[in-house]
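The values are calculated or read from the model by the stated rules, or taken from the named source; none is laboratory data. Given the structure is predicted, the values throughout are model-derived calculations rather than measurements. Please note: Cβ atoms are built from the backbone with ideal geometry, for glycine as well, and neighbour counts cover all protein chains shown. When the accessible area is computed, the model is the full protein with side chains, heavy atoms only, and any ligands, DNA or RNA have been set aside. Shrake-Rupley method; radii C 1.70, N 1.55, O 1.52, S 1.80 Å.
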Amino acid sequence: MTRKLFGTDGVRGVAGELLSAELALGLAQAATRLTKAQRPQVLIVRDTRESGEMLQAAVAAGVAAAGGDALLGGVLPTPAAPLLIARYDFDLAAVLSASHNPFADNGIKFFGPDGYKLSDETELEIERELERAGDGEGADRSGQAPGSGGGGPEQAISGRTDSGQAASPPAIGRIRELRGAGEDYLRELHTRFAGLHLADLDVLLDCAHGATYEVAPEIFRRLGANVTTVADHPDGRNINRDCGSTHIERLAEQVVAGGHALGFAFDGDGDRVLAVDGAGEIVDGDELIALAALHLRKDGRLPGNGVVVTVMTNYGFHTAMAGAGIEVASTQVGDRYVLAELLQRGWTLGGEQSGHLIELGFNRTGDGIAGALLTLEALAGADLRERDAMAKLPQRLVNVRVRDRGALHGADAVTAAVGAEDEALAGRGRVLVRPSGTEPLVRVMVEAPTDTEAQEVCDRLVDLVERELA
């Protein structure tokens, strides 16, 4: 049985449509019931979307209906959840966010008591539990499990069993605020980066009108930086709109116009970060990971002397790591795959070009704020413009719309052309052509020593994909 609701990062969709209050309640009820705790303690945090309060209420109701206590942490970045789980020994956390998606979308992702996102198998069991509840084979939507006092309307009204004895009411949990949750997250960040002194550093932070809008500038100020913020006035609908890590070019313009030393841009839920140097040049996740890898290895904090990235990582990263004697493992696109590889190998550092940066020495998921601070720690006071961790190869990436997501399978002409172009670039660059995991698109990516060669190879392959598969 495959999962029907959960994708690569929780359940996500248009709030009020696919992601309804009823579905949110049912998912929370099922997830809470599946914990092994007698009275589960469940943290709930959210980003700034207007649908967040509605979904928070529904999830809290589901937790309480299943006999758990819902602790409302309010607006916090996704990476705060694992840290708070560890701090308070929570049994489960629900994060309400659709990350970098537009405001109309929202999502629910769960973290287990170990601080990691739930496994595919556990998510499948939640779906099964939800189906059983819907079919009347498990607990119903009121939270009443078979044998807990149910058995018909008359029995529910009278509160008596068939023998005339008083029925045991279903266990009902409580809902309350977790006061000081933001301060707890800041304390974890400050403890980790206590040795980082940012006195007089002029930094511009783009908070994407999202979950980092309060905590990100606060931790930078506590560490001594001179902080300017943009996209820090969320109204429920402006999250990620023309700002944040998905619109990094805006930050590049603002850094230069304001004469700032550098800037960082987060996404809506705060698990990604990209940087801009003082000259306005964008520093993507590949370069941030390279800086971190060299720094942690130098400090003896890179277990296994290795790092995990995805197939989209620039060829220049691999060249730089090979020169530094650091092993690189590659996975398919998705931070969950990076994390799984890290755990399998016993390594601690990995991430994606898009800005996910996972450092298991601090957190169990990507943490944009921690990633920005780790970058500054790696620079040790140097100017980001003087970075030399890797030399990026010119890259071209084009998304080609095709008939369907499976169109690339069996396309012999495309496969042969990709192989020929990749062989011609062997040792100098590479070609990657792959289907999108969510849309009818084929992504054509080419890296070559020069912009001209990268563009020419990319144009040839795009033309072929369009002729064969569009």
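Within 27 Å of residue 338 (Cβ to Cβ), more than 25 Å from the chain's Cα centre (by Cα) and of a type in the set (Gly, Ala, Ser): is that true of residue 429 in this structure? Judged against the criteria, residue 429 is a match. Take residue 194 and decide whether it is open to solvent by 10 Å² or more (accessible area, probe 1.4 Å), modelled with pLDDT of 95 or more and either outside any helix (DSSP H, G or I) or on the phi > 0 side of the Ramachandran plot (or both). For residue 194, the condition - open to solvent by 10 Å² or more (accessible area, probe 1.4 Å), modelled with pLDDT of 95 or more and either outside any helix (DSSP H, G or I) or on the phi > 0 side of the Ramachandran plot (or both) - is met. Restricting the stretch 93-130 to residues that are in contact with a Lys or Arg (Cβ under 9 Å, 6 or more places away or on another chain) and among the acidic types (Asp, Glu), the residue that is most open to solvent (accessible area, probe 1.4 Å) is 114. Taking the condition buried (at least 18 other Cβ atoms within 10 Å of the Cβ), touching a helix residue (DSSP H, G or I) at 6+ places or on another chain (Cβ under 7 Å) and farther than 17 Å from residue 312 by Cα, does residue 442 pass? No: the conditions fail for residue 442. Among residues that are open to solvent by 30 Å² or more (accessible area, probe 1.4 Å), closer than 18 Å to residue 264 by Cβ and either modelled with pLDDT under 95 or in contact with a His (Cβ under 6 Å, 6 or more places away or on another chain) (or both), residue 200 is included. Scanning the stretch 1-34 for residues that are within 21 Å of residue 119 (Cβ to Cβ), under 18 Å from the mean Cα position of the chain (by Cα) and not in a loop (DSSP other than H, G, I, E, B) yields 7, 8, 10, 11, 12. Evaluation of residue 270 against the conditions (1) in contact with a Pro (Cβ under 8 Å, 6 or more places away or on another chain); (2) over 17 Å from residue 204 (Cβ atoms) shows that the sole unmet condition is (2). When the stretch 389-417 is filtered for residues that are free of Cβ contacts under 8 Å to residues at least 60 places away in the same chain and open to solvent by less than 30 Å² (accessible area, probe 1.4 Å), the ones remaining, listed by number, are 411, 414, 417.
Just one of the numbered conditions (1) of a type in the set (S, T, N, Q); (2) closer than 14 Å to residue 394 by Cα; (3) free of Cβ contacts under 8 Å to residues at least 40 places away in the same chain is not true of residue 450: (3).
Applying the condition of being out of contact with any strand residue (DSSP E or B) (no Cβ under 6 Å at 6 or more places or on another chain) and of a type in the set (A, V, I, L, M, F, W, C) to the stretch 1-13 and asking which residue is surrounded by the fewest Cβ atoms within 10 Å (Cβ to Cβ) yields 1. Note on the stretch 335-382: among residues that are assigned to a helix (DSSP H, G or I) and open to solvent by 30 Å² or more (accessible area, probe 1.4 Å), the one that is modelled with the lowest pLDDT is 336.
Only a single criterion out of (1) in a helix (DSSP H, G or I); (2) on the phi < 0 side of the Ramachandran plot; (3) open to solvent by 30 Å² or more (accessible area, probe 1.4 Å) is not satisfied by residue 279, namely (1). Criterion first (open to solvent by 40 Å² or more (accessible area, probe 1.4 Å) and over 15 Å from the mean Cα position of the chain (by Cα)) does residue 69 satisfy it? No; evaluated as a whole, the condition is false for this residue. Being open to solvent by less than 50 Å² (accessible area, probe 1.4 Å) and within 22 Å of residue 266 (Cα to Cα) is the filter here; which residues of the stretch 318-333 pass it? If the condition is that a residue be open to solvent by less than 50 Å² (accessible area, probe 1.4 Å) and within 22 Å of residue 266 (Cα to Cα), then no residue fits. When residue 239 is tested against the conditions (1) part of a loop (DSSP other than H, G, I, E, B); (2) open to solvent by 10 Å² or more (accessible area, probe 1.4 Å); (3) aliphatic (A, V, I, L, M), the lone failure is (2). Would you mention how many residues in the stretch 424-437 are open to solvent by 60 Å² or more (accessible area, probe 1.4 Å) and within 14 Å of residue 461 (Cα to Cα)? Count: 1.
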